[in-house]
Structure formats: structure tokens, C-alpha cells
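Peer 1: Here's a structure for you.
The values are calculated or read from the model by the stated rules, or taken from the named source; none is laboratory data. Note that the coordinates shown come from a computational prediction; the quantities given were computed from them, not determined experimentally. Neighbour counts run over all protein chains shown; Cβ positions are idealised from the backbone, glycine included. Surface accessibility is based on the protein's heavy atoms, side chains included, excluding ligands, DNA and RNA. Shrake-Rupley method; radii C 1.70, N 1.55, O 1.52, S 1.80 Å.
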There are 4 protein chains.
Amino acid sequence: MVEQVRYAMIGGGEGAFIGPVHRTAAAIAGNCRLVAGALSSDAERARRSGDMAGIASDRSYGSYAELIARESALPPQIRAQFIAIVTPNHVHAPAAIAALEAGFAVLVDKPLTDTMAAALHLEQVAQRTGGMVGVTHSYSAYPMVRQARALVAQGGFGKVRRVAVRYTQGWLATAQDAAGKQAQWRVDPARSGLAGAFGDIGTHAFNLVEFITGERMTRIAAEIRAAVPGRLLDDDGAAMFHLAGGGRGTLIASQICAGDANGLDISLWCEEAGLHWRQEQPDRLRVARRSGPEEIWRAGTDGAWLDPSALAAVRLPAGHPEGYLEAFANIYHDFAEAVAGRTPTHPAYASLADGIAGMRFIQAAHDSSVAGNKWVDLTEPEQ
Amino acid sequence: MVEQVRYAMIGGGEGAFIGPVHRTAAAIAGNCRLVAGALSSDAERARRSGDMAGIASDRSYGSYAELIARESALPPQIRAQFIAIVTPNHVHAPAAIAALEAGFAVLVDKPLTDTMAAALHLEQVAQRTGGMVGVTHSYSAYPMVRQARALVAQGGFGKVRRVAVRYTQGWLATAQDAAGKQAQWRVDPARSGLAGAFGDIGTHAFNLVEFITGERMTRIAAEIRAAVPGRLLDDDGAAMFHLAGGGRGTLIASQICAGDANGLDISLWCEEAGLHWRQEQPDRLRVARRSGPEEIWRAGTDGAWLDPSALAAVRLPAGHPEGYLEAFANIYHDFAEAVAGRTPTHPAYASLADGIAGMRFIQAAHDSSVAGNKWVDLTEPEQ
Amino acid sequence: MVEQVRYAMIGGGEGAFIGPVHRTAAAIAGNCRLVAGALSSDAERARRSGDMAGIASDRSYGSYAELIARESALPPQIRAQFIAIVTPNHVHAPAAIAALEAGFAVLVDKPLTDTMAAALHLEQVAQRTGGMVGVTHSYSAYPMVRQARALVAQGGFGKVRRVAVRYTQGWLATAQDAAGKQAQWRVDPARSGLAGAFGDIGTHAFNLVEFITGERMTRIAAEIRAAVPGRLLDDDGAAMFHLAGGGRGTLIASQICAGDANGLDISLWCEEAGLHWRQEQPDRLRVARRSGPEEIWRAGTDGAWLDPSALAAVRLPAGHPEGYLEAFANIYHDFAEAVAGRTPTHPAYASLADGIAGMRFIQAAHDSSVAGNKWVDLTEPEQ
Amino acid sequence: MVEQVRYAMIGGGEGAFIGPVHRTAAAIAGNCRLVAGALSSDAERARRSGDMAGIASDRSYGSYAELIARESALPPQIRAQFIAIVTPNHVHAPAAIAALEAGFAVLVDKPLTDTMAAALHLEQVAQRTGGMVGVTHSYSAYPMVRQARALVAQGGFGKVRRVAVRYTQGWLATAQDAAGKQAQWRVDPARSGLAGAFGDIGTHAFNLVEFITGERMTRIAAEIRAAVPGRLLDDDGAAMFHLAGGGRGTLIASQICAGDANGLDISLWCEEAGLHWRQEQPDRLRVARRSGPEEIWRAGTDGAWLDPSALAAVRLPAGHPEGYLEAFANIYHDFAEAVAGRTPTHPAYASLADGIAGMRFIQAAHDSSVAGNKWVDLTEPEQ
């Protein structure tokens, strides 16, 4: 029988969006089992939510501190092997740090933390403890995104010259839209951190750029703002950026784009070809070379011509659409494998370094915008 | 905690395509738990497959007869509450009949059986025993297919006048393509039954027509054939048909359409509007009215304007693609709810009557083709 | 200076749809000049229409007979070099025959004539006089349709196995829709001939099948009908057919498909690849091979990899959409070149034989439908 | 008979791209007639080109000065009524000024001139002489672009918040690509002017933004560059901008985007809906409102629900694709009507003010880029 890696979850209780996504993803992955949880910071709600999620009542805890303490006390063959953290951003660092100190591997939703300082603190703890940290950038876990990365990495397309990425949603288009549980914390600096839309979805766009190009973003000039009056955090913004290899790009992240659902699109043009991917039709990758017909690469287990990293991320033959949950499931699958000592060749989860890079992106975008769209480096801060 | 409905599986072992689909669908559904199985008719393979699927070794049986006998002997609160049958077609009827006789509900993969006679036998047993039978027509479980059905049923579009449905795949395009385990039994009359492609995928297309229009197909004139030399069963064919309400249609079912993946597309035109759906981009439904802009209806939990039957079939906000596994999960979810006495208003599984209708379609297509494309009625046989 | 070939037009006056299309097409072609016309059978209207079309008043005639008589009397270097016939169907044959008898080349709109008998009469006259006859099947003049034909003809894709073509429009969806000038004659047997939709657009679909496959259609089983009560001619129908090379196909032609504009789509599957073209996005041809990414072939003068027959049919670099009028212009260009003695390698106009084949299609579809969907051969009638 | 407005052309001889486009557009328009030309600055080539274009040899001149002098000397009822200028950019201003001084209306290809100074000079002459000046921004002449403008102007969508426009081509992706006649002058500062790609196609993107939003762009921060080593003018760049009404946007203009053809795409999001248009599929406009299905608005004479400005720009019923040449024809049609004293309600040509605005855009983008991406105002220069 496939070994089921045991995991616990912090956050993701009643009314949450991403908690159920993580749990369903783990169910699809097939190699993980949810054994414990502190699904809410409200003890009563945590219990109710744990019950709904199928967590045994004696392992459904009222706080993350309790979870870590009680699970640590369990025998190794029973206690959770990793902890997924799906709380609002401000809890990511304290919960992850506590979990790492107690010897747990942690899988953190993006962005890594609420602030740069918290991210660096988390990094230090991870380095000291040697604990495993993964970050859930779901979009780089899609098979055709991995195919895109492979095509660029193979080198035949030449250097990346220009990138255009945008992530536009419309669900926060009005002030009233922010009344729901999902929205509330995202527009609250105390819980979301330095950024609103640029943290919530901008980091996904950023990660996608770095993932596909295989390059670090080195500079950014951004203008971000709260377009809806009264908001304290950005809900709309754009940036220009440079890549380490000389390429240039633009990035839009906005949650006030009325009518858009989850509009993450990326185009990148290399010297010999352009690559184009839209999250809302994720099983296709359009490749246009300098000559000849355009190509539509399709996901599917029967695509013998696909890169191994893409093939490892599909379950079904072409034409049987896989979506967001399956991409997310790839992350759980690979992280669980890594926890069990079988790290995949091309893990679908983002690394701690990727998470730190995402925080640098948020900080730099903020600093650039405050300074009037000035170029800001995404270099590592002084030690 | 959500009650987990216990189920057993017959078939779906090593090398199977649809078995893992069923099990992953059940995992996504969240309200089912696989507790027993006879995953292969080869006892050793059954054991190995059961182990991979996470079935406890004492409930992984070597044959469906053993499964039914042994599960029947378990206490009610422990034994499987329904049995999923995912074997080659010729085993559907005997396994389902045995299960019904033993008091189990059964969820059968399509087509219902291998022959019309077997289907009618199964129907008699189901009527006599009063056992529940569901059929897994996965495509009518997609949210936008359900939206299409609702739009037609609401009546504002008027009567259905013309339907064009096609289901084209390319995976059996050559003789060599039929060497794999998936293909072998599908091209073998002893295991597949009366039809090849018309049974395997034609019944899906047929079901989709009846599901969306809400009408029975009454007559058919078909020409089916084995396009690849040496095949004993049809791999390619087409039909014209009549609907009970006067509409006319065409249906193509072919597995030799080189380059196609899982090309199930349907267009239907009512008096006031046309509706268009493609399985390979399942979260969109195109509606073109006689005047005004075309409409693209999108799946998503945030689509307050969607029909309740469509909303009940989505898990995520628009823009987060759900696919084939999620559609299939709707079937498991609803069948498990029904088994637990909470039958949904719009169950996602097809009924026994739908399954019987599918067999009449196969029989009539076969008879029409043999008779040189003659019109054949899909009426109920004499009792 | 490019020689301007002089042409006259019969039909296409006030309120006509296809007349202005022909004239604009000729203007785009650049090698034709409209010098005379009998744009209506009503003399006053003919004069008014001729004036609007820029025809000098002394060469704007009141009837086609007058046009032929008077133009014949002009010196060769002045009189029209060919005559375009764009009247309702029942005038095609008499006008064309009169023109041929007087020594003019004729370019006839489709379908060739109203009846099979008229078509055969026209054929005899053409053979006897040796006059040139072209037929305007505009869709085979699109560059990507020509590319499709070339790809099939090159042989690498193997034999054609299945074809699915449909031509669906919604403009005659209701009885009231047929009140306009365009519709009136099309639903009138005296002017349209044997068929309604199957003649008006079914012949286009038929021609497209024969053009791309390079094969003759040999048999047909059709069911056509007047779906709108009170109509005397078919407005909706479908057929199954055989190709000379063994391929099978389905064809839908309907003008009651509410919401559809000019929905001519074709898919054909050969042994090694499928080809897919949609008239409403004509500059793309989708090719899906048995393995590897799908291909999107694009029209454009910069497509050095395109077949010469496709390249000859484009004016602009890729990405500058050319449409219906440009396809039509290819017909005028090539017919004028042929009239001037410079017949192109791949003429964009259909031949008289193609036009005759279209009439056989109409006749066979009619006969099959009347006989209850019986198979009818499209063989040449006895001489 | 429709009055034919007589026009002359300067530039557009052998090997030119845009000259034949203008002439074919005029032919489609139907209300213009080319009567004179100075198609090249090389007298011999001018004569040969004029002959090919059907210009009588006595009105085919060897230079624009000769054309203006000689045409001016002709009787009013014979001489050209307007002059189209389709030379490389550096000739626009001197030719237009000479034509205006001689009393001719002028229709100038974009960008208006090579430099800001030349543009302001031209503006002064136009004001002094009262001569008509039109600019050919072909993309705002597409019916669905006009529909977009109308939908925004109607106000129901609220204010424009964000715009994303990009114009990406790949034809100058390598140094060798610039060897052709079309490319040579575009990469030469002496003939192209201040900008390369930002002038050639950036001004189209800029114009599209201002046209659809109905707002002026007020500020820009740009980074433009020659991506291909050795180029003297920009071939790639991006900008962020502000609109007068508070909206923000991004603009990409690049001619080194390998694999792209003529990729002009715009998305704009208002408070209540987003609008999306792609030049390569120009007859569709996607509109996504905050709730309900998405809408696809289609061009066609049968679209009674379309805005009059859109309806005025179509010739054919929906489903009969019109493209680039037809959009361009709208410009010629409307400019000729205006010259004849029948100015349309919604002229399809851009105004002199629009042309001046385009030059301010080029200047500001250049200045911003040189200053390191600094915000630069597009305000009117001091008088």
C-alpha cells in the first residue's frame, strides 16, 4: 500500500476558501492523510471545522500552539509528519517557526509571511533547525507551466527578451465586495501585511515569471494603489521589471478588474519563439516560433513528447481536463514524497528561497511605489 | 463530521483507466470511503491492486462473488453500503445482479451492460429487489451541461429543433493502438458486447443529448463500421436521429479520429437560441440568442445567476478550472448521499432507465446499420 | 499598367446581398472593371442600381437579354469580357446560356442552376460553344482552405476516413424572417429551384468537402425538411455520405439554427492527422497529428512555409485579418486572369464540373429524403 | 451615381506595404478614385509604380512637389480633391504642409510626423490654411472598437480604472529582419524620426486607448530600448500611464516578440465591466460584467443592437468576416465623404489633434525613458 504521509493543518476552518482546497488537493494526491488540525483560532469554531473535515476530535485542537505541543508529544509513528499552514498571512511566520522549532516540516500558503522581517526570521529558523519548508504556488504546479519552463530551459528558444504577466480578478471591485470572510483579512494590513493584491496574487504572478524563465527578477518599478476609496491596502497596481538575463517585463496585479474571474495570463518572448499560457485554460500552452505554424501543447498522460516534469504532473489522457485542484494536488503529492524521503526530481512546491523572493518582490514593489515609481533592486538585504 | 458512505469496488485494478478515476472522484467527493474491493478477476493481481488502492488486506477479495459473499456477512455498520462496478462491460450485469440480490446498491460504469438482454435482466432484478442502481455518465455531471439542461427546461428558448453531437477520439486510430490493456477489451466482442465505439463513447453522446434536451431519442438511422481492418467491433460511425419533440439530430462516435483527444462536443438549436458545449473546455457554455450578443456562461460558486443544479456541481469560484475528475466526483457525491437517504434534488448520476435507454441506443444503431442505414425505433421492447 | 478585364453583371441590384459582394470583390481583385450591367429584371430599378454601382448609363440595361444583345454589338476592345450572373437561381441557366451562345465567358453564383435539367443543358451549351464557365464557391477561395487541400493532397496524412461538415445559419429561424428580399426568393421553389437550404448553403458545404479531400462524394442518405411551418422548401437537413476513397461523412445544412450567423465548419480526419477549419475565423487552420503538439497554420504573405496555392490567396502579412470579401476577390482575380489568357495554376473559382456536381448533390439529397433517407448515388446520369 | 472623390497619393510605390493597403481600402470604400500620384521619390520608380497602380501617365509625377504644383494647375473638377501621404515619416510634414498650402485636404499615415517640432509646424499650417487633415489609425476604424467606445461612453460601465494594451510583432526579431524595404526606414532615425517601434506601432496602441476610453493620456513612465544590438531606434518597450479620469494603464510596444504577427490587444476595466478586444479576431468584442454571463458582441449589418457608429463600419451580415482592409476602407470612405462636404457623424479617421497627441506620446515616452523611467506629462507645450 502507498504510504500515507500524515499531516496536520493550521487554519482553513469554516468559511475559508483555501483550507478546503488544500484538503481536497491532498485527497487527490492520494499519498497524504489529514490527521490533526487547528482549523481556527476560535476554539469552538476549530472543533466544529475539524469535525467537518473528518479530523478525530482528540486531534482537533483550539490553537496552533496546542496543536504543535500535543502532536509533538505523540509517538513518531502517529504524529503528523508535516504541518500545512493556511491561515491569514500574519500567522504564517509564528506558526511556521513554532512548527519548525518542534521539528515539523511545514507547507505554507503564499505569500510566505506578512512582512519581510518575518520572512527573514523564518528563514533563519529554517536554516538553524534544518526543517523542510515548502510554499504553495499552485500555478507553477500546472503541467503546461512546467512544460513552458522546460522549453525555455532547453535553450533552443534563446534568451528571454520580454515578459508580460497579468493577474486580474474582479471580486474586490467594490467596497461592499470586501465584506466576506475571504476578503476581510486580505484588505486589513494587520492580517495581510505590507501588501493587498500585490501580496495575494502579485506574488503568484512574480513566481510564475521566475519559474518559467528560470531567472531572478532583479529590479522593479511599480505603481500600486487602493483604487476603491477607503481601502488601506493596494487592490490594483502594475510594475515594470528586469530579469537577470537582460529581459524586460510588465506585471499587473489587480483585484478590481470587474468581470474578471481568476485571470492569470503570461506571455514570454524569447529570441526564437513566444510562449503563452492562460490559467483559465490551463491544459494548453501556445508556442509561436519565428517560422512555421503555431503549436498548441496539450497536457495528458499520453503526451510522450512532453517534458518529464510536465508528465509527472498529469493523471489523465489528453482531453480529460484537469484543473486547479489537480495542480494543487501535485504540490501535496510532491511535498509528502519529500517528507517521506522520496523527493521528486522536479518538486511541484515552491522552495523557501522562492518564498523569500516573493517577499522581496512585495517589499520592492511597495518601496518603488511609495517613491514614485522609482527603480528598486530586489537584491538580498544586508546581513 | 460528514458521514462517510462506505463503498466497495469491482474491477479497476492495475493498468485500468477508469478504476483510478472512480477512486479519485470518490476522494474529491469527500463523503465516500473505499472499504473493500475485488479489483481484478485475477486473485493475485486483485490483492496487489487493492493494496495500492489502500484497501485493507482482509477486505481485498479475489473475485466479485467473494466480495459480495464476504461483505454481506459483515455487520451492517461495517460492510460496504454500495458497490461500484468498473469492469469490462460483460461483467457489469452478472456483478450488478449478484450485488442487488445481496442487497447492495450499485453504481455501474457505462454502458450499463454488454447486451440488451443483459440490461433487461438487470432491470428486472432491480425492480424485484428494489435495489438502487446508478450509472456513471460523467459528462452530464459537468456544471455547464446541467446549466444547459436547465436553460432548455425553462422553456424560454422554445422547442429543440436540431442537435449536433460528436464524440471523436483518436486513440484507436491504428491497429497497433489496440494493444494496450485499455483498448484490448474494448475491441473484443466477448467483453465489450454488441458495440465498440458506439458503446464506449456513443452512449455518452446519446446520454448527453437526452440529458440536455430532456427528451427521449425515438428513431435512429446509423452507419457504423470497423474502419481499421481486422477489427471485430465498430470503431467509427455516425447516425441521424429524431427526438420525441420533433427535433432532428446527428451523432458521430469514432475512435479513429487521428489527432483528437476526447472530443465530445454538442450544439443544440432551439427556436430562440442555440447552446454549445465542448467537453475539453467544460466550464464554459456558449449561448447564442436570435438577437443580442452571444453569452458565455461560466461555472463557479460565485455565479449567483446559475441554475441551482449547476451551482450544486461546482466547488470553486469562477476562473479556477474544475475538470473531469470533479465532474465524476459529483456522481459519487450524489450517489453516496442517495445511499445515505439524502437524495439530491438533481442527482448527478444517471438512472437505471437512462442506462437501459443507452442500451436501446446501441441495439438500434447496430440494427439500423446492419439493415443499411434504415430508420429503427428506440421504443421499449415488448414485455 | 495591370490590364483591367471588363465585366458585366446580371442581377445584384437594390436590396441584393451578393451583388455588392461581387462588385467589391472585383474592386479588391484590382484586375477587373465593371463596365455594364442589367442589375434588375425591373428596368427602372436596373437603371437606378446601375447608377449606384457606377455603371455608365448607356451600358446599364433593363434586362439580361438586352445586355447580351447590346454588349455583343460593341467592338471587342470595349465590350465586357465576361459576365457575372448573380440573380436568383432560376435565371442562372437562361442567362448563362444566352451569354455563352453570344460568346461571353460567364461567372455564375452558386448553385449553378435551379434544377438538374437546367444544369445539364447549360453544360451542353458550354461544351458546344467552348465558353468558359466559373462558379463562385467563395469558401474554397480562402487561403487556409487551400492549405488544407494541399496538406491532404501531399499524402503524408494518409487517406481521409471521416468528414464532419456543417453549415448552420439562423437568419430564417422564423416565418417572419423570410419577409426580406434576400429571403423571399430563397424560400420560393419557382425561383430557388429544387432545394432551399440544401441548395443555398448545402452546396457550399458539399463543395468544401470535395475541394479539401480532393475526392468526389459518391453516395448520400439525407433527411431534409421545412422546419418552419408553411415553408415549401427545406430550411433544415442533414445527410450522411461516402467518399470515393472510402471515407464517410456527415453534412448538416440549416438556416433555422437560431443564434448562428454563418457557421460553416469542417473537420476531416485522415489516417495520421485531423484538419479543422471554421469559416468565421478563416485565417487559421488547426491540424492535429497523431502525436506532438497541435498546429495552427496561419494565413499571411510572410508564411514562407505555406503551400503556393494558399500564398497566392493572401494579400497581407499574418495578423492582418482578411475575410469574406478578400476570399471572393480571389475568385474574381483568377477568373479575370483566365479570361485574359493567364489562367492561374490553382484557380480560386470552381469549375463547371464542380457546379454540376453540386447540382447532383442537391438532386440526390432530395431524392434520398423523399425516399425516407435511402442511400442514393451521386453518379453521372445516363447520357 | 455615387460621387467619386478624386485623390492623389504620395509614396506607396514598389515594395511598399502600406501604399497598396491604402489603395485597396479606397477601392473597397467605393467613393474614392485614385487620379494622380507621386509614388516614389525616385522619378523612374514613381512612373513604374503609378502605372501598376492604374494612374494615367500624365498624372504620375516624379516628386510630391511636382504633384502638388501640377495638380493645382488643373481645373477644380479634374484635380485631386485630397492627397494621401504614405511615405516614410520624415516626408509626412513637408508633403502635408505643401499640400495644405496649395489648398488640398490631406490624409496622412501615422505617426503624424517624424518629430514633435514638425507636428507643431504642420498644426500651425493647418490652422492658418483651414485645410482638412486626417490621420489613418486603422484600428479605431474597426466596428467592434467603435462599439467598445460607445459602450464606455454610454456611462453604464462607470469610470475606466485600468487599461492593458499591447502591440507585439515579431518581424524585427533579428538584425537580419531589418534588411527589407519595409524595415529599413523604420530603423533609421533620419527617416523614422524620434522613435522606432513606439512610433510605428506604439502610437496605434496609444490611439486605441484614447479612442476607446474617450480620455486623454496625461502621464507616462516608459522604458524603451533597442533590444537587437546595433539598432539606433527602439524596437521594444513598455510604459505605465495615467488617464485624465484617474485610470491607470500599461502599454507594451515591441517588434522583437518572436512568433507574434500583429498582436494588438486591449483590455480595459471599468467599475462595472471589462472590455476586451484582439485585433487578430476583430469582429468580436468580449464584455464581462460584474455579474451574469460574459458577452461576445459580434460585428454585422444584422446586429440591430449595435451602436450606430459600429453599424456604420460594417458591410456584411455577422459571420462574414471583415478584416484589416475593410477597417481601412472605413477611413477612406469617411474622409472622402468629409471632403465632399458630407462629414459622417462618427468619422473613422483620426483627427489632426489625435495625430498631435500621438506625437506627444512619442516624445514623452522618449523623454521618460532617457530620464530612467521618470513620469513625464503629455501636456500641451507652451505656446
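Peer 1: Taking the condition away from chain C (no Cβ under 14 Å), touching a Leu at 6+ places or on another chain (Cβ under 7 Å), in contact (Cβ under 8 Å) with a residue 12 or more places away in the chain and not basic (Lys, Arg), does residue D:364 pass?
Peer 2: yes
Peer 1: Something else now. Going through the range B:30-52 one residue at a time, which ones are closer than 17 Å to residue B:4 by Cα and either of a type in the set (Val, Ile, Thr) or surrounded by fewer than 24 Cβ atoms within 10 Å (Cβ to Cβ) (or both)?
Peer 2: Hits for the range B:30-52 are B:30, B:31, B:33, B:34, B:35.
Peer 1: Looking at (1) within 14 Å of chain A (Cβ to nearest Cβ); (2) at pLDDT 95 or above; (3) more than 24 Å from residue D:239 (Cβ to Cβ), which one does residue D:164 not meet, given that it meets all the others?
Peer 2: Failed condition: (3).
Peer 1: Quick one: residue B:130 ticks every box in (1) open to solvent by less than 30 Å² (accessible area, probe 1.4 Å); (2) on the phi > 0 side of the Ramachandran plot bar one, so which box is it?
Peer 2: Looking at each condition in turn, residue B:130 falls short on (1).
Residues are listed down the side, and each one gets a yes or a no for (1) open to solvent by less than 30 Å² (accessible area, probe 1.4 Å); (2) over 19 Å from the mean Cα position of the chain (by Cα); (3) at the interface with another protein chain (Cβ under 7 Å from one of its Cβ atoms):
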| site | (1), (2), (3) |
| --- | --- |
| A:254 | yes, no, yes |
| A:267 | yes, yes, no |
| A:275 | yes, yes, no |
| A:280 | yes, no, yes |
| A:285 | yes, yes, no |
| A:290 | no, yes, yes |
| A:293 | yes, yes, yes |
| A:300 | yes, yes, yes |
| A:303 | yes, yes, no |
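Peer 1: Please list, ordered by first then second residue, the pairs with beta carbon atoms under 8 Å, 6 or more apart or interchain, first in the range D:19-44 and assigned by TED's automatic domain parsing to the domain that holds residue D:66 and free of Cβ contacts under 8 Å to residues at least 24 places away in the same chain, second surrounded by fewer than 22 Cβ atoms within 10 Å (Cβ to Cβ) and polar (S, T, N, Q).
Peer 2: From residues that are assigned by TED's automatic domain parsing to the domain that holds residue D:66 and free of Cβ contacts under 8 Å to residues at least 24 places away in the same chain, the pairs are D:43/D:63.
Peer 1: Output the qualifying pairs, or none if there are none: Cβ atoms under 9 angstrom, residues six or more apart or on different chains, first residue in the range D:99-114 and in the same structural domain as residue D:361 (by TED's automatic domain parsing), second residue buried (at least 24 other Cβ atoms within 10 Å of the Cβ) and assigned to a loop (DSSP other than H, G, I, E, B).
Peer 2: Pairs that qualify, where the first residue is in the same structural domain as residue D:361 (by TED's automatic domain parsing) and the partner is buried (at least 24 other Cβ atoms within 10 Å of the Cβ) and assigned to a loop (DSSP other than H, G, I, E, B): there are none.
Peer 1: Hey, among B:8, B:16, B:25, which residue is of a type in the set (A, V, I, L, M), over 15 Å from residue B:83 (Cβ atoms) and not in a helix (DSSP H, G or I)?
Peer 2: The conditions single out B:16.
Peer 1: Could you count how many residues in the range D:30-57 are among the charged types (D, E, K, R) and within 14 Å of chain C (Cβ to nearest Cβ)?
Peer 2: Of the residues in that region, 4 qualify.
Condition check ((1) within 14 Å of chain A (Cβ to nearest Cβ); (2) outside any loop (DSSP other than H, G, I, E, B)) across all residues:
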position: B:306; (1), (2): yes, no
position: B:316; (1), (2): yes, no
position: B:337; (1), (2): no, yes
position: B:347; (1), (2): no, no
position: B:354; (1), (2): no, yes
position: B:379; (1), (2): no, no
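Peer 1: Could I ask something else about it? Test residue A:173 against the criterion of being in contact with a strand residue (DSSP E or B) (Cβ under 9 Å, 6 or more places away or on another chain), at pLDDT 90 or above and more than 10 Å from every other protein chain (Cβ to nearest Cβ), and give yes or no.
Peer 2: no
Peer 1: Given C:252, C:201, C:256, C:224, which one is hydrophobic (A, V, I, L, M, F, W, C), in a helix (DSSP H, G or I) and touching a Ser or Thr at 6+ places or on another chain (Cβ under 9 Å)?
Peer 2: The unique qualifying residue is C:201.
Peer 1: Now for a different question. Is it the case that the range D:204-224 has a residue that's assigned by TED's automatic domain parsing to the domain that holds residue D:173, buried (at least 24 other Cβ atoms within 10 Å of the Cβ) and touching a Pro at 6+ places or on another chain (Cβ under 7 Å)?
Peer 2: no
Peer 1: Hey, another quick one. Quick one: count up the residues across the range A:318-335 that are within 14 Å of chain B (Cβ to nearest Cβ), open to solvent by 10 Å² or more (accessible area, probe 1.4 Å) and charged (D, E, K, R).
Peer 2: Qualifying residue count for the region: 1.
Peer 1: Additional query: Does the range B:259-300 hold any residues that are under 21 Å from residue C:164 (Cβ atoms) and touching a Leu at 6+ places or on another chain (Cβ under 6 Å), and which are they?
Peer 2: Hits for the range B:259-300 are B:266, B:268, B:275, B:277, B:279.
Peer 1: Only residues in the range A:194-213 that are free of Cβ contacts under 8 Å to residues at least 60 places away in the same chain count as the first member; pair them with residues that are of a type in the set (D, E, K, R), Cβ under 8 angstrom, at least 6 apart or cross-chain, and list the lot.
Peer 2: Filtered contacts from the range A:194-213: A:196/A:186; A:196/A:231; A:196/A:234; A:196/A:235; A:197/A:234; A:197/A:235; A:197/A:236.
Peer 1: Please find, among D:238, D:261, the residue that is part of a loop (DSSP other than H, G, I, E, B), farther than 26 Å from residue D:317 by Cβ and facing another protein chain (nearest Cβ under 7 Å).
Peer 2: Testing whether each residue is part of a loop (DSSP other than H, G, I, E, B), farther than 26 Å from residue D:317 by Cβ and facing another protein chain (nearest Cβ under 7 Å) leaves just D:261.
Peer 1: Let me ask another. Sort out which residues of the range D:168-188 are out of contact with any helix residue (DSSP H, G or I) (no Cβ under 9 Å at 6 or more places or on another chain), in a helix (DSSP H, G or I) and touching a residue at least 12 places away in the same chain (Cβ under 8 Å), and write them in order of number.
Peer 2: D:181 - this is the single residue of the range D:168-188 that is out of contact with any helix residue (DSSP H, G or I) (no Cβ under 9 Å at 6 or more places or on another chain), in a helix (DSSP H, G or I) and touching a residue at least 12 places away in the same chain (Cβ under 8 Å).
Peer 1: Across the range D:4-27, which residue is nearest to residue D:107 (Cα to Cα) among those that are at the interface with chain C (Cβ under 10 Å from one of its Cβ atoms) and open to solvent by 10 Å² or more (accessible area, probe 1.4 Å)?
Peer 2: This residue is D:23.
Peer 1: Mind telling me which of the residues C:114, C:109 ends up being open to solvent by 10 Å² or more (accessible area, probe 1.4 Å) and closer than 15 Å to residue C:350 by Cβ?
Peer 2: Within the list C:114, C:109, the selection yields C:109.
Peer 1: Let me ask something else about it. Determine which single condition residue B:372 fails, assuming it passes every other condition in (1) small (Gly, Ala, Ser); (2) in contact with an Asp or Glu (Cβ under 9 Å, 6 or more places away or on another chain); (3) touching a residue at least 24 places away in the same chain (Cβ under 8 Å).
Peer 2: Among (1) small (Gly, Ala, Ser); (2) in contact with an Asp or Glu (Cβ under 9 Å, 6 or more places away or on another chain); (3) touching a residue at least 24 places away in the same chain (Cβ under 8 Å), residue B:372 violates only (3).
Peer 1: Condition first: more than 14 Å from every other protein chain (Cβ to nearest Cβ) and either farther than 18 Å from residue A:173 by Cβ or hydrophobic (A, V, I, L, M, F, W, C) (or both). Now tell me which residues in the range A:210-234 satisfy that.
Peer 2: A:210, A:211, A:212, A:213, A:214, A:215, A:216, A:217, A:232, A:233
Peer 1: Quick check: is even one residue across the range B:314-323 among the aliphatic types (A, V, I, L, M), closer than 30 Å to residue B:248 by Cβ and touching a Gly at 6+ places or on another chain (Cβ under 7 Å)?
Peer 2: no
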